[in-house]
Amino acid sequence: MKFTYTGIEVRDMDKSIDFYTKAMRMKLLDRHKIPETGGEVAALQSEGSSQFLELNHYPGHSRRFLPGDALDHLAFEVGDVDVEMKRLNGLGYKTVRKAERRAKYIVGFIEDPNGIWLEIYEPRRA
């Protein structure tokens, strides 16, 4: 398994992108809607870094924001999502979203002991 990025939930996507690109000098790599969640996602990266920051916005989300409460998930790239999810389930960790097959990747979510979601994803090879 390889840790690849951190996802945070944001209240306002435009203001968040503006902050991270202008104040923090990150480059916007991608921004698109996610039909499966009704939300939107943006990926940013600092020059010289292999890690990236994923901003997630869920319109109408009822969660109350508190300072420091915006960590959405941590992401881990794997060779086979189904195998890894089964292995993690076998160790007693709960699936919070079953694996979904999307155009560019397969993704599922497991919950860690603290309630933090861990994205387990597999890029689809062309």
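So, in nm, how far is label residue 37 from label residue 91 when the simple model puts each one 7 Å beyond its Cα toward the Cβ?
2.3 nm
Determine the dipole magnitude for region 78-126: charges of +1 sit on the beta-carbon of Lys and Arg, -1 on that of Asp and Glu, nothing else is charged, the reference point is the Cα centre, and the result goes in debye to the nearest 20.
Numbers: 10 positive and 8 negative charges, 52 e Å.
Magnitude of the dipole: close to 240 debye.
Using only DSSP helix segments of four residues or longer, with each worth -39500 (n - 2.57), what per-residue ellipticity at 222 nm results for the chain after dividing by its residue count and rounding to 500?
On the way: 2 runs with 16 residues, N = 126.
Mean residue ellipticity at 222 nm (helix-derived): -3500 deg cm²/dmol.
With each label point set 7 Å from Cα along the Cα-Cβ vector, what nm distance links residue 101 and residue 47?
Modelled inter-label distance: 4.2 nm.
Measure nothing but the geometry: give the 0 to 90° angle between the long axis through the Cα atoms of 81-90 and the longest principal axis through the Cα atoms of the chain, rounded to 10°.
Around 70 degrees separate the two axes.
None of the figures in this text is laboratory data; all of them are computed from the coordinates on show. Here the structure is a predicted model, which is why all the values come from computation and not from measurement. In this analysis, Cβ positions are derived from the backbone assuming ideal geometry, glycine residues included, and neighbour counts consider all displayed protein chains.
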